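Working notes, beginning with the structure itself.
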Amino acid sequence: MIAENVKENKYKISKLAEMTNSEVKGDQEIVVDNACGVAESINSSVTFADQKEYLSEALKSKAAVIVSSYKICEEMESDLKAKKTFLLTDHPRRVYAKIADILTSRPYENGKISKRAVIDPSCQLGKGLSVHPGVVIAENVKIGDNSIIAPGVIIGPDVEIDENCLLHPGVIIERDTIIKDHVIIQSGAVIGSDGFGFATDKSGHHKIPQQGNVIIESEVEIGANVTIDRGASGPTIIKKGTKLDNLIQIGHNVEVGEESLLVAQSGIAGSTKLGRRVTLGGQAGVVGHINLADNTIAAARAMVTSRTNEGDFISGAPAQLHRDALKEQAYLRRLPKYIERIKELEKRLSELEK
């Protein structure tokens with residue numbers, strides 16, 4: 001049995017233009033079956049160029065179709081343009097991304113439920129699922145249509161996974177987690193592990209039961225080896241469209257706003273709330289119990305210790321407005337000269353006092 005949503009291998013360029021709201025310039029009947037970079041392209045490929053120098057290389061490539069912008073294509077003077085078909089748009093990178101997604105098959109999709117998967121009979125399984133060997137699915141789990149569960153995934157009890165999700169090998173989904181549709185979780189991620197909650201006194205550290213859960217909203221992508229802690233009470237929430245890079249730690253009861261971008265090795269302590277489209281650079285850290293406003297950008301290795309205002313660009317440790325951090329760094333670089341000058345002034349002052 002083959003999954004109902006397995007992607008077609010070939011598309012006419014006119015159909016792709018319709019699907020991406022772009023314009024064909026050239027042969028409307030060209031059929032393509034893959035999307036790739038200029039160097040890897042073949043005579044059935046779609047490639048893209050969003051700068052003049054890239055377009056120059058793309059014109060020399062084997063690619064059948066070049067996704068580019070109206071402006072760049074018009075400005076480029078080359079006899080090779082007449083030999084190529086273009087897909088023109090004001091947003092070539094976005095259009096190429098959509099075409100690449102259309103032409104690229106989903107990993108691990110086979111439309112079969114392996115007999116070597118362990119699935120509790122109480123589970124509710126949708127249509128067109130791909131469930132691979134070594135998968136363990138506990139009681140009362142619900143999985144929506146056309147989702148893919150790759151080898152070695154473990155899903156705890158009372159988990160809900162909606163349609164068209166993709167869980168890569170070795171993912172662990174702990175109890176009570178809710179995952180909405182079109183979510184991708186890369187290998188080694190652990191969703192719903194206990195938050196770091198302890199009551200400490202002279203007799204030791206006493207564990208506080210973590211009774212909440214994790215909610216992953218639709219169109220979220222979670223990178224490899226990401227850990228998202230369950231709430232101590234109530235949920236930890238990753239909102240719609242957010243993208244998490246590899247090796248990120250999300251503490252208990254954190255809320256990450258819509259369409260945020262978190263880069264590798266960043267971490268957020270418990271009960272902090274991120275607004276919409278917040279960006280954390282690599283190795284940025286955010287303390288607990290603060291709010292980061294919409295469109296905040298924290299530079300790489302920023303140590304965020306206080307709330308922000310909408311649109312703030314912050315950096316440093318502790319983090320402050322980036323322009324102030326740059327001034328501070330400039331002063332620090334001058335510090336050796338200031339020290340020498342102070343020593344000279346002290347010497348002159350000492351001589352005057354004699």
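The values are calculated or read from the model by the stated rules, or taken from the named source; none is laboratory data. These numbers come from a predicted model, not from an experiment. All Cβ positions, even for glycine, are placed from backbone atoms using ideal geometry, and neighbour counts span all protein chains on display. Accessible surface areas use protein heavy atoms only, side chains included; no ligands, DNA or RNA. Shrake-Rupley method; radii C 1.70, N 1.55, O 1.52, S 1.80 Å.
Data for the structure
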{"read-out": "Net charge of Cβ neighbours under 9 Å - reference Val141; Lys, Arg +1; Asp, Glu -1", "value": "-3"}
{"read-out": "Quotient of Cα Rg and 2.2 N^0.38 Å for segment 128-201, N being how many residues it contains", "value": "1.16"}
{"read-out": "Candidate aspartates and glutamates - alpha carbon under 18 Å from Lys327, same-chain residues fewer than 8 apart omitted", "value": "Asp312"}
{"read-out": "Net +/- balance of residues flanking Thr296 in space, Cβ distance below 12 Å, scoring K and R +1, D and E -1", "value": "+1"}
{"read-out": "Candidate aspartates and glutamates for bridging to Lys337, where Cα separation is under 19 Å - those fewer than 8 sequence places away on the same chain excluded", "value": "Glu328, Glu346"}
{"read-out": "Alpha-carbon Debye profile of segment 225-305, log10 I(q)/I(0) at 0.27 Å⁻¹", "value": "-1.49"}
{"read-out": "Projected-area average for segment 250-292 over all orientations - Cα convex hull basis, square nanometres", "value": "2.4 nm²"}
{"read-out": "Candidates Gln51, Gln210, Gln265, ranked by Gaussian network fluctuation over the chain, Cα under 10 Å, top entry", "value": "Gln51"}
{"read-out": "Share of alpha-carbon pairs per 5 Å distance bin for segment 69-173, given as whole %", "value": "3, 11, 17, 19, 9, 6, 7, 6, 7, 7, 5, 3, 1, 0"}
{"read-out": "Lysine pairs in segment 89-142 with Cα atoms under 21 Å, if 8 or more residues apart or on separate chains", "value": "5"}
{"read-out": "Top of Phe198, Phe313, Phe86 by mean-square fluctuation, Gaussian network on the chain, Cα under 10 Å", "value": "Phe198"}
{"read-out": "Difference of contour (0.36 nm per residue) and Cα-Cα distance, Glu346 to Asp120", "value": "73.3 nm"}
{"read-out": "log₁₀ of I(q)/I(0) at q = 0.17 Å⁻¹ - segment 185-268, Debye sum with one point per alpha carbon", "value": "-0.63"}
{"read-out": "Local electrostatic count, His168, Cβ distance below 13 Å [Lys/Arg +1, Asp/Glu -1]", "value": "-1"}
{"read-out": "For segment 95-151, convex hull volume per residue from C-alpha positions, Å³", "value": "83 Å³"}
{"read-out": "Among Ser130, Ser41, Ser203, residue whose mean-square fluctuation peaks in a GNM of the chain (springs only between Cα atoms under 10 Å)", "value": "Ser203"}
{"read-out": "Accessible area expressed per residue, segment 14-165, with surrounding protein chains retained (probe 1.4 Å, Å²)", "value": "51 Å²"}
{"read-out": "D_trans [Stokes-Einstein, Kirkwood Rh over alpha-carbon pairs] for segment 244-354, 37 °C, 0.692 mPa s, µm² s⁻¹", "value": "211 µm²/s"}
{"read-out": "Quarter of Cα convex hull surface for the chain, i.e. mean projection, nm²", "value": "28.4 nm²"}
{"read-out": "Whole-Å distance, taken between Cα centres, linking segment 280-343 and segment 176-205", "value": "29 Å"}
